[in-house]
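Only the coordinates and a few stated rules stand behind these numbers; no lab work does. Keep in mind the model is a prediction, meaning the values are calculated, not measured. Here the Cβ positions follow ideal geometry from the backbone for every residue, glycine too, while neighbour counts run over all protein chains shown.
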Amino acid sequence: MQLGLIARAQGVRLLDLAEIDSTNDEARRLIETGERGPLWIVAARQTKGRGRLGREWISPLGNLYASFVFSDFPETRLAPQLGFVTGVAAMRALRASAGQGNFKLKWPNDMLFDNAKLGGILLEGLGTSTAPVAIIGIGVNIAQAPADLPYPARALSELGAGAPSIESVFTHFTDALSAALDLWRGGEGFAAIREEWLSSAHGLGETIRVALTGETVEGVFETIDASGRLVLETDQGRRVLEAGDVLVGPRSVAGAGA
């Protein structure tokens with residue numbers, strides 16, 4: 001694996017591992033010993049990969065599993081915006097490396113390929129004595145999509161001869177995230193990220209279903225607000241959701257999320 005030129009120029013480092021329990025867990029251990037980034041941790045295989053809400057993240061060989069340790073942001077309250085920054089970077093990297101394919105972002109943290117799950121983002125934060133530190137975990141189905149899932153999933157290998165290698169996707173991603181972080185920290189901040197995220201949003205302007213704890217909400221996906229919350233227009237009026245699973249597929253159920 002190699003970092004992109006932009007990432008290297010910004011002093012980003014790389015830890016390339018054959019096997020680990022979880023790249024996010026390794027990031028957490030390193031932070032506890034003083035690591036503050038910027039550092040990418042990538043592994044060929046995870047033995048205990050996990051997604052949102054502690055869900056299992058199945059990790060077959062040939063897919064991308066990586067985490068980015070990052071502390072160059074001013075306030076802890078801004079850390080949740082990094083999930084959207086990473087989504088923007090994912091779209092840039094996939095389109096640059098694959099050159100084709102219907103790639104979309106599913107609120108709040110999934111990447112889709114032809115309306116099936118391609119990958120996910122897991123954002124975690126740690127408070128330290130000096131500054132907040134974020135861990136941005138990503139998983140992308142490069143070689144194969146896990147089988148027997150309760151939701152549709154696809155892999156980039158399905159592009160055939162035009163499918164990018166895992167090395168190409170990772171290199172493009174490291175540069176794309178560096179550039180997206182620069183945009184986020186720039187004068188327009190989250191507003192510019194939000195606009196670009198929405199340009200790739202799955203279901204925007206359409207009726208979608210969102211699984212919440214104890215209920216499923218249906219409504220027209222209007223936008224995400226200035227905090228990244230999902231804004232739905234339902235039969236009962238406008239709903240603003242801070243968390244949930246947007247359902248995809250004919251028999252939609254909540255995805256595992258990474």
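What's the ranking of 224-234, 19-29 by average number of surrounding C-beta atoms within 10 Å, highest first? Numbers along the way, then the final one.
On the way: 224-234: 15.8, 19-29: 20.2.
The most tightly packed comes first, giving 19-29, 224-234.
Just from its helices, what would the mean residue ellipticity at 222 nm be for the chain, if runs of 4 or more DSSP H residues each count -39500 (n - 2.57) and the sum is divided by every residue, rounded to the nearest 500 deg cm²/dmol?
Details: 5 runs with 61 residues, N = 258.
Helices in the chain give a 222 nm mean residue ellipticity of -7500 deg cm²/dmol.
Give the cross-link partners of residue 48 among the aspartates and glutamates, using a straight C-alpha distance below 19 Å as the criterion and excluding same-chain residues fewer than 8 apart.
Those aspartates and glutamates meeting the cut-off are 16, 19, 21, 25, 26, 56, 124, 148.
I'm checking a number: the convex hull volume of the Cα atoms of the range 72-174, normalised per residue, in Å³. What is it? Intermediate values should be presented prior to the final figure.
On the way: hull volume 11.1 nm³, N = 103.
Normalising the Cα hull of the range 72-174 by residue number yields 108 Å³.
State the dimensionless ratio Rg/Rh of the range 1-116 (Rg: radius of gyration of Cα atoms; Rh: Kirkwood radius). Kindly include the intermediate steps, with their values, before the conclusion.
Numbers: Rg = 14.8 Å, Rh = 15.6 Å.
Answer for the range 1-116: 0.95.
Which value, in Å to one decimal place, does the Kirkwood hydrodynamic radius take for the chain when every pair of different Cα atoms is included?
On the way: mean 1/r = 0.0543 Å⁻¹.
Here the Kirkwood hydrodynamic radius works out to 18.4 Å.
Can you order the peptides 217-223, 132-138 by their average number of other Cβ atoms within 10 Å per residue, highest first? Could you put the intermediate results ahead of the total?
Working: 217-223: 16.4, 132-138: 25.0.
Sorting 217-223, 132-138 by mean packing, highest first, produces 132-138, 217-223.
Per-residue HN-Hα couplings for the range 20-29, Karplus 6.51 cos²θ - 1.76 cosθ + 1.60 at θ = phi - 60°, whole Hz, x for Gly and Pro?
8, 5, 7, 5, 5, 5, 5, 4, 4, 5
Using the beta-carbon distance between residue 75 and residue 161 and R0 = 51 Å, what value does 1/(1 + (r/R0)^6) give for FRET efficiency, to the nearest 0.05? Walk me through the intermediate numbers first.
Values: r = 46 Å, r/R0 = 0.91.
Approximately 0.65, to the nearest 0.05.
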